[in-house]
Structure formats: structure tokens, C-alpha cells
Amino acid sequence: MPGYTRGNFKYYSLDFCFSMRLPIEVEAILFRRSSKGMEYLAVKRVPEKGGFWQPITGGVEEGETKTEALKREVREETGIENIVKIIEDVHYFEFSDPHLYKEYVFGVEISSNEKIVLDENEHSEFRWCSFQEALRLLKWEGNKEGLRKLNRILCINGNRSVS
């Protein structure tokens, strides 16, 4: 790494740029309307990252809004760029890993013909699920509660969910 010395100190110049990750996470519960009713996307983490089922999640980077981070994470982890609708303020929770993170849950509607292309470094498989199946698959209670709240919002707004 290039640098210079002044007195007893060595100074380094950084010739690369990186974005700082904030202690804020976004969670995208993707859903679609199909002939079977409402379906929710569950993705399975690669074994090196726990091997558990979850919605799409990721960090907010410095200078990014939560909505921008949400769209970026959906695109990076599923290849989906065409979002029909975003439902904000579905749920919020905190967790430690080992630092305290705040996670904001969004509902993300996509069209039924969208193709999922997983980021193989993040997820090994995906599954479109009924509400009950998705609830059984998800590991973390914060993710489950977000799904419950989104399902209630969708049912209140006249969308039928398959149990």
C-alpha cells in the first residue's frame, strides 16, 4: 500500500473507495398473486451463511435511503428490477449480531411472471409458498412477525391469502 513517513508515523493513502454499512437492515418480503392465491418468496441461505430460510435482507449503505437499499437488495439477490408495489412500514425489530441492528420490513409485490435469478454467494434455493408454508420455513421470529403483519395488511386490503 503506498504511503509516506513523517517522524515516527507511517501514513497511507487509500486508492480505493468503499461504502460504509450502517447498522440498519431492510427486509423485503416478496409476494405475487397467482392462480393459487397470494404467494410469498422464501430464500435459503448458503450453508456458509447459516443454511436457513428467510426473506430477502440486506444492509443500508451510507448515503442510501431504506427504499433505495431495498430495491438494490432485491435486484442483487433475485435479479428482479420490476417492482409492482412497495408496502412500507410493515414491521420493525432489532437484533444483535454482535452489534445492534435495526431491521425495517417492507412488502414487495412483483408480477407473477418474474423470473428469480439467485445470487449464488447468498442463497442456494428459493420457493414460492403459501402464507402457512412460508411461516413454517422462516427461522427467525422477527421475519415471521413481519410476514404475519404483511399477510394481515394484504387481507385487509381485500387480497386473499391462502393459508
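Test residue 1 against the stated conditions and say whether it is at pLDDT below 90 and either touching a strand residue (DSSP E or B) at 6+ places or on another chain (Cβ under 9 Å) or exposed (fewer than 10 other Cβ atoms within 10 Å of the Cβ) (or both).
Criteria met by residue 1.
Can you list the strands (runs of 3 or more DSSP E) found entirely within the range 81-163 that contain at least 3 residues being modelled with pLDDT of 95 or more, more than 14 Å from residue 53 (Cα to Cα) and of a type in the set (Val, Ile, Thr)?
Qualifying strands (runs of 3 or more DSSP E): 85-96.
Only one of these conditions is not met by residue 92: (1) touching an Asp or Glu at 6+ places or on another chain (Cβ under 8 Å); (2) touching a residue at least 40 places away in the same chain (Cβ under 8 Å). Which number is it?
(2)
In the range 49-73, how many are of a type in the set (A, V, I, L, M, F, W, C), modelled with pLDDT of 95 or more and over 19 Å from residue 120 (Cβ atoms)?
Qualifying residue count for the region: 2.
Quick check, is residue 61 crowded, with 20+ Cβ neighbours inside 10 Å, in contact (Cβ under 8 Å) with a residue 40 or more places away in the chain and not aliphatic (A, V, I, L, M)?
In short, no.
The values are calculated or read from the model by the stated rules, or taken from the named source; none is laboratory data. Please read these numbers as outputs of a predicted model, since none were measured by experiment. For neighbour counting, all protein chains shown are included, and Cβ atoms are generated from backbone atoms with ideal geometry for every residue, glycine included.
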